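**Student:** The following block contains the structure, expressed as structure tokens.
The values are calculated or read from the model by the stated rules, or taken from the named source; none is laboratory data. In this text, all values refer to a predicted model and were calculated from it rather than measured experimentally. Glycine also receives a Cβ, built like all others from the backbone with ideal geometry; neighbour counts cover every protein chain displayed. Calculation scope for accessible area: heavy atoms of the full protein, side chains included, ligands and nucleic acids excluded. Shrake-Rupley method; radii C 1.70, N 1.55, O 1.52, S 1.80 Å.
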Amino acid sequence: MPHDSHEHYMSEALALATKGHAEGGCPIGAVLVDDTGRILGKGHNALVQEGNPIVHGEMAALRDAGRLPDRHATTIYTTLQPCFMCTGAILQFGIPRVVIGDATNASSDDTIRVLRSRGVEVVVLDPETSAAARGCVDIAGRFRRDRPELWLEDWGGGANPRLTGTGGALLRTAIPVLQVTSSERADAFYCGRLGFTREFAYRPFDTIDPCYMGLSRDGAVLHVSSFSGDGAKGSATVILCDNVDALHRELVAKGVAIDTGPIDQDYGTREMYIKDEDRNSLRFTQAR
């Protein structure tokens, strides 16, 4: 792309969100860009303007781009984390990268995890370093406070109790917490060698350790902690995966030491074990 950062295109999307807001609508904008940096389509949420609940910012940009043989070499920039409808469209059209200006005002990171689990690169801009991202967070936050009824309508009216029950699901996801000695070395191992992305790092004392980190890769989530009270070293975690052998080839090429496998187990799985320096065992497991 001709620009050195995502700032230019997110600023374009933010300008569209601001335009939509000035028209009395929901302040969400999006831009579809090809790998040469050419803008193929752009638009903003049109729930109010068109009376159409389907025209979210991402959908407006896709509509503006029109017919294309495919969208396999594109990036979509959106001021707000995509909803499930727009996430489905991104996956349907094989868009390989999504850049998000505001994930703060979304209710959860569910759609980010879904996109990453399908191989989509998701970049969430940091409002601390990106003026465009700060603008995205600010305009959506003000809109939520000023027009809560319209915000809720745009997100589909909230949870349907006939579908989720009166209280919704009581349990969602279990996230293992691995005890490590050094957060820096854990980051180097899990992110630098195993391909995880660090989602956050909590360091309350302005020192490297103790630290609590959240890691993810392709929808799998791990937390690692060098706080003394968070578990014990040498634990085991099962990580479900689609292709143990492909992962084995990737990690061997990076020089990662394989503890066991891949091997076929009598109980119907194919497994590969890897240990970090604290003897925490990651058991990558594929159903046969």
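**Student:** What are the residue pairs meeting all of these: first residue in region 113-132, first residue over 21 Å from residue 216 (Cα atoms), second residue assigned to a loop (DSSP other than H, G, I, E, B) and open to solvent by 60 Å² or more (accessible area, probe 1.4 Å), Cβ atoms under 9 Å, and 6 or more apart or on different chains?
**Tutor:** Sorted first by the residue in region 113-132, then by its partner, the pairs are 130/5.
**Student:** Further question on the same structure: Of the residues in region 222-270, how many are among the basic types (Lys, Arg), under 23 Å from residue 181 (Cβ atoms) and in contact with a helix residue (DSSP H, G or I) (Cβ under 8 Å, 6 or more places away or on another chain)?
**Tutor:** 0
**Student:** I want to confirm something. Restricting to region 93-104 and keeping residues that are over 13 Å from the mean Cα position of the chain (by Cα) and open to solvent by 20 Å² or more (accessible area, probe 1.4 Å), which single residue is farthest from residue 242 (Cα to Cα)?
**Tutor:** Step by step, filter region 93-104, then rank; the result is 93.
**Student:** Residue 90 - would you say it is farther than 21 Å from residue 130 by Cα, open to solvent by less than 30 Å² (accessible area, probe 1.4 Å) and among the β-branched types (Val, Ile, Thr)?
**Tutor:** When the stated conditions are applied, residue 90 passes them.
**Student:** Can I ask one more? Could you go through region 245-255 and let me know if any residue there is without any contact (Cβ under 8 Å) to a residue 60 or more places away in the chain, in a loop (DSSP other than H, G, I, E, B) and among the basic types (Lys, Arg).
**Tutor:** No, there is no match, as no residue in region 245-255 is without any contact (Cβ under 8 Å) to a residue 60 or more places away in the chain, in a loop (DSSP other than H, G, I, E, B) and among the basic types (Lys, Arg).
**Student:** Inspect all residues belonging to region 155-178 and state whether any of them is aliphatic (A, V, I, L, M), open to solvent by less than 70 Å² (accessible area, probe 1.4 Å) and within 24 Å of residue 277 (Cβ to Cβ).
**Tutor:** The answer is yes; a qualifying residue exists.
**Student:** In region 210-234, what residues are open to solvent by 40 Å² or more (accessible area, probe 1.4 Å) and out of contact with any Gly (no Cβ under 9 Å at 6 or more places or on another chain)?
**Tutor:** 212, 227, 228, 229, 230, 231, 232, 233, 234
**Student:** Let me ask you something else. Which members of region 31-59 meet the condition of being more than 21 Å from residue 119 (Cα to Cα), part of a helix (DSSP H, G or I) and open to solvent by 10 Å² or more (accessible area, probe 1.4 Å)?
**Tutor:** The answer is 47, 48, 49, 50.
**Student:** Could you go through region 105-115 and let me know if any residue there is surrounded by fewer than 20 Cβ atoms within 10 Å (Cβ to Cβ) and either among the acidic types (Asp, Glu) or at positive phi (or both).
**Tutor:** Yes, some residue in region 105-115 is surrounded by fewer than 20 Cβ atoms within 10 Å (Cβ to Cβ) and either among the acidic types (Asp, Glu) or at positive phi (or both).
**Student:** Taking the criterion of being assigned to a strand (DSSP E or B) and open to solvent by less than 60 Å² (accessible area, probe 1.4 Å), would at least one residue in region 198-209 satisfy it?
**Tutor:** Yes: one or more hits.
**Student:** Any chance you could count how many residues in region 187-197 are in a loop (DSSP other than H, G, I, E, B) and of a type in the set (A, V, I, L, M, F, W, C)?
**Tutor:** Summing the residues that are in a loop (DSSP other than H, G, I, E, B) and of a type in the set (A, V, I, L, M, F, W, C) in region 187-197 gives 3.
**Student:** Still on this structure, please answer the following. Hey, among 150, 163, which residue is farther than 27 Å from residue 99 by Cβ and either out of contact with any strand residue (DSSP E or B) (no Cβ under 9 Å at 6 or more places or on another chain) or modelled with pLDDT of 90 or more (or both)?
**Tutor:** When all the criteria are applied, what remains is 163.
**Student:** Look at region 239-286 and say how many of its residues are in contact with a Leu (Cβ under 9 Å, 6 or more places away or on another chain), among the β-branched types (Val, Ile, Thr) and open to solvent by 30 Å² or more (accessible area, probe 1.4 Å).
**Tutor:** Of the residues in that region, 1 qualify.
**Student:** Give the residue, chosen from 78, 74, that is buried (at least 20 other Cβ atoms within 10 Å of the Cβ) and within 16 Å of residue 38 (Cβ to Cβ).
**Tutor:** Answer to the check: 74.
**Student:** Got a sec? Which of 27, 96, 82 is touching a His at 6+ places or on another chain (Cβ under 6 Å) and in contact (Cβ under 8 Å) with a residue 12 or more places away in the chain?
**Tutor:** Result of the check over 27, 96, 82: 27.
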